[in-house]
1. Kindly provide the set of residues from region 47-57 that are out of contact with any helix residue (DSSP H, G or I) (no Cβ under 6 Å at 6 or more places or on another chain) and at pLDDT below 95, ordered by number.
2. Of the numbered conditions (1) part of a strand (DSSP E or B); (2) surrounded by 21 or more Cβ atoms within 10 Å (Cβ to Cβ); (3) near the ligand (Cβ under 10 Å from one of its atoms), D52 satisfies every one except a single condition; which is it?
3. Go through (1) out of contact with any Leu (no Cβ under 9 Å at 6 or more places or on another chain); (2) near the ligand (Cβ under 10 Å from one of its atoms) for R100 and report which single condition fails.
4. Would you please list the contacts, defined by Cβ atoms under 7 Å and residues six or more apart or on different chains, that run from a residue in region 172-188 that is within 12 Å of D146 (Cα to Cα) and of a type in the set (D, E) to a residue that is open to solvent by 50 Å² or more (accessible area, probe 1.4 Å) and part of a loop (DSSP other than H, G, I, E, B)?
5. Does region 81-91 contain any residue that is basic (K, R) and within 19 Å of P140 (Cβ to Cβ)?
6. Report yes if T266 is among the β-branched types (V, I, T) and under 24 Å from R240 (Cβ atoms), otherwise no.
7. Taking interchain pairs and intrachain pairs at least six residues apart, which have beta carbon atoms under 7 angstrom, with the first residue in region 107-119 and farther than 14 Å from L90 by Cα and the second open to solvent by 70 Å² or more (accessible area, probe 1.4 Å)?
Amino acid sequence: MAAVSIEDLGGALQRAYPELEAVRAAAGEIPVYLVGGAVRDLLLGQPRGDIDLVVVGDAAALAGKLGAETIEHERFATAKVRLGEHEVDLATARTERYERPGALPDIEPAASIDDDLGRRDFTINAMALALAREPRLIDPHGGRADLAAGQLRVLHPGSFADDPTRALRAARYAARFGFGLDPGTEALLRSTDLSTVSSDRREAELLRLADEENALRGLELLDAWGLVPLQPGRLELARRVDELLQDPPWSGVVDRAPALLAAVRTAPGESERPLAPPRHPSEGVELARGRQPLDLLLARARGAAWLDRYLNEWCKVALEIDGDDLIAAGVPQGPALGRGLTEALHRKLDGEIDSRDEELAAALAAARRA
Ligand code: CTP
């Protein structure tokens with residue numbers, strides 16, 4: 001699987017991130033490393049935009065030396081700088097200790113890069129590349145071999161208990177890279193208790209999964225692993241939602257990731273009841289208007305094909321007249337105004353009237369009706 005050989009790593013690093021030479025020079029004797037997903041993706045031959053660096057020393061001080069704009073976060077001793085076209089996260093090497101399962105960890109500065117790598121989720125994310133004249137891969141947990149084998153493996157048996165969001169991350173990586181699980185990791189994964197993590201953190205990680213191109217595979221895996229069980233038919237519904245969002249008129253109507261999660265979470269019953277086709281466009285508009293775009297999309301995915309016409313045509317139909325025209329014609333302020341305009345719109349939608357004069361006549365007739 002690894003596309004870049006060890007011999008070519010230095011060259012690959014230089015080609016992907018020429019601006020890191022400035023970091024190496026600024027760091028001098030202080031050890032700095034490219035870490036985590038950035039190393040994994042470099043080895044895969046798919047370098048990415050955001051770069052994570054770890055400093056065995058003061059990350060904020062190094063950021064300062066680089067002269068770029070920095071944002072510091074005290075608790076984690078991190079800094080973010082912009083270098084060339086890349087955003088670079090600089091973090092002080094740290095260890096993590098979990099007081100109880102699912103809690104945020106207590107953090108201490110780490111004495112070495114190995115200690116920092118040892119706190120990480122999967123071997124493929126626990127590699128570092130020393131930013132030296134001769135860049136050197138640091139791979140104490142066999143991440144490169146797992147990358148080549150296409151498998152996810154945790155560093156220690158307590159990993160998912162410490163941080164159960166890692167189980168959700170496993171689905172994300174498995175879906176993204178088409179990786180399997182090493183048998184020990186699979187057993188641990190299947191017995192992970194997600195309830196020890198706050199729902200906010202769980203939700204954030206699920207949204208990251210749903211944002212993957214291969215999100216549905218990830219959700220399918222979570223179901224198969226017994227971690228996020230899905231009701232029958234929900235994956236198919238999410239698949240239809242995903243397809244609909246690719247093309248007009250549904251593309252851009254809602255954000256994809258939350259829509260996919262909403263699709264797999266629709267309650268029983270709710271998902272079997274499509275919005276019945278209207279007899280007239282005006283009836284369709286009454287049915288659809290006032291519903292959230294997400295509800296309309298889910299209804300469309302459940303089979304209400306007429307909603308395509310609602311979005312393409314009906315919801316765009318507007319009157320040429322407005323309330324002022326009715327007031328000018330003697331209609332008093334009040335419910336009669338709305339009644340008149342609604343009636344005129346319905347008749348226009350249903351093709352019964354067309355011109356401005358006809359709109360006005362229809363609206364006035366309805367407004368004057370007791
Ligand atoms: N990490 C971890 N446990 C977590 C979250 C993150 O060990 N629960 C570590 C991993 O080493 C990961 C790094 O922190 O590579 C950065 O986390 P994140 O930005 O979430 O992952 P990346 O690998 O950088 O990005 P992506 O997963 O999207 O490729």
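1. Hits for region 47-57 are G49, D50, G57.
2. Failing condition for D52: (2).
3. (2)
4. D182/R153
5. Quick first cut of region 81-91, residues basic (K, R) only: 82.
Cutting the leftovers down to within 19 Å of P140 (Cβ to Cβ) gives us none.
Looking for residues that are basic (K, R) and within 19 Å of P140 (Cβ to Cβ), one finds none in region 81-91, hence no.
6. On the way: among the β-branched types (V, I, T): yes; under 24 Å from R240 (Cβ atoms): yes.
Considered against the rule, which asks whether it is among the β-branched types (V, I, T) and under 24 Å from R240 (Cβ atoms), T266 comes out as yes.
7. Within 7 Å, the pairs are I107/F76.
For every residue, the table says whether it meets (1) modelled with pLDDT of 95 or more; (2) of a type in the set (A, V, I, L, M, F, W, C); (3) open to solvent by 50 Å² or more (accessible area, probe 1.4 Å); (4) farther than 24 Å from D211 by Cβ.
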{"site": "R133", "(1), (2), (3), (4)": "no, no, yes, yes"}
{"site": "R144", "(1), (2), (3), (4)": "yes, no, yes, yes"}
{"site": "L168", "(1), (2), (3), (4)": "yes, yes, no, no"}
{"site": "R176", "(1), (2), (3), (4)": "yes, no, yes, no"}
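The values are calculated or read from the model by the stated rules, or taken from the named source; none is laboratory data. No experiment lies behind these values; they were computed from the predicted model shown. Ideal geometry is used to build each Cβ from the backbone, glycine not excepted, and the neighbour counts take in all protein chains shown. We work out accessible area using only protein heavy atoms, side chains counted, and drop any ligands, DNA or RNA first. Shrake-Rupley method; radii C 1.70, N 1.55, O 1.52, S 1.80 Å.
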